[in-house]
Amino acid sequence: MDKLKIFFKTLSKCNCFSTHSNDNDNEPTKPKSTTSSKTSSTDQHPPTTLIISHGAFQTQYHYQPFITALQHHTPTIFHRVLVPQQSSSGHSPPPNSFESDVELLHETVRNELLDGRDVLLVCHSYGGIPGCEALADLPEKALDGRIRLGRVLGIVFVSAFVAEAGQSLVTSKMGGRAEWVKTEGPLSTVLSPSRTLFSSLPPTASVPYITHIVPQSSTSFITPTKHETWKDHPCVYIRCLEDRAMRVEEQDFFLQRLKNRCGVGNVRVRDLKSDHVPFSSRAGELVGLLGGLVGELRDV
């Protein structure tokens, strides 16, 4: 009964988007509905789900341009996309929001693997911390022995944090707390989001995304991790070259951490001329990058 409660709790927070374009691209499908693809790629490869561990201060809204671009991409890259809405981002986050984020992401990945789907985990900014933590203690075999167990193809870090075991977001980085984040008690907010997060967009185009920015749980930035699961999976780091929230030097700091611990040959690097949120501002280019990567990672 407890497992069923966790399962349905996960579904209620996780929008599932079909990668098949239709007249209502902005409408998410029901979380457990069957999604369709535009090609017969399912005959060649197991179905693959893209799971996004989103950044701080953000909601599923900020990833909709990326979802739409992915739906219009030919051939189909992913069979479905999941963007779990993490509890740390919102006006009333729970005290244990980081742990809740990890649990939500873990159950989302776990359910896909048990259903026989491969998973590519994309971690954006803060999402690198709970996203990697969520990959610990995943099932190693199917529960009933009848369905093929999916596998994690890899982790894609998009201008994201990479924490060592025992580190939090704040202690994992070069300069401690970011200057553009204002912390007042249990909540943190973004200062000048247009300039800091969406500088690749014209000011008028960034307005809808700014209005959907939400506070972030302050404790989510200081809760330490327990694992370094990124050492156990193929990793890709996408550097956002016009990022003003996480400068290229800091992205390189995390990239070097991956190379030092995983080996240079086990870490792929891609560059994108983008601000901190390419899912909103450079959606088409980001889809193109991921399309090239997924084939490489399937062969690892």
State whether the residues of segment 168-178 include one that is assigned to a loop (DSSP other than H, G, I, E, B) and within 19 Å of residue 49 (Cβ to Cβ).
no
Mind listing just one residue for me: the one in segment 203-226 that is crowded, with 17+ Cβ neighbours inside 10 Å, among the β-branched types (Val, Ile, Thr) and touching a helix residue (DSSP H, G or I) at 6+ places or on another chain (Cβ under 9 Å) and, of those, nearest to residue 56 (Cα to Cα)?
213
Subset of segment 266-281 (residues that are in contact with an Asp or Glu (Cβ under 8 Å, 6 or more places away or on another chain) and not acidic (Asp, Glu)):
268, 272, 273, 274, 276, 278, 281
Within segment 171-198, take every residue that is of a type in the set (Ser, Thr, Tyr) and free of Cβ contacts under 8 Å to residues at least 24 places away in the same chain and give me the one that is farthest from residue 219 (Cα to Cα).
194
For segment 140-152, state whether one or more residues are surrounded by 14 or more Cβ atoms within 10 Å (Cβ to Cβ) and within 17 Å of residue 86 (Cβ to Cβ).
no
Hey, among 178, 163, which residue is within 20 Å of residue 278 (Cβ to Cβ) and either of a type in the set (A, V, I, L, M) or exposed (fewer than 13 other Cβ atoms within 10 Å of the Cβ) (or both)?
178
Note on segment 257-286: residues in contact (Cβ under 8 Å) with a residue 40 or more places away in the chain, in a helix (DSSP H, G or I) and farther than 16 Å from residue 154 by Cα are 257, 278, 279, 280, 281, 283, 284, 286
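Only the coordinates and a few stated rules stand behind these numbers; no lab work does. The shown structure was predicted, so the numbers you read here are calculated from the model rather than taken from an experiment. Note that each Cβ is placed from the backbone with ideal geometry, even for glycine, and that neighbours are counted across all protein chains shown.
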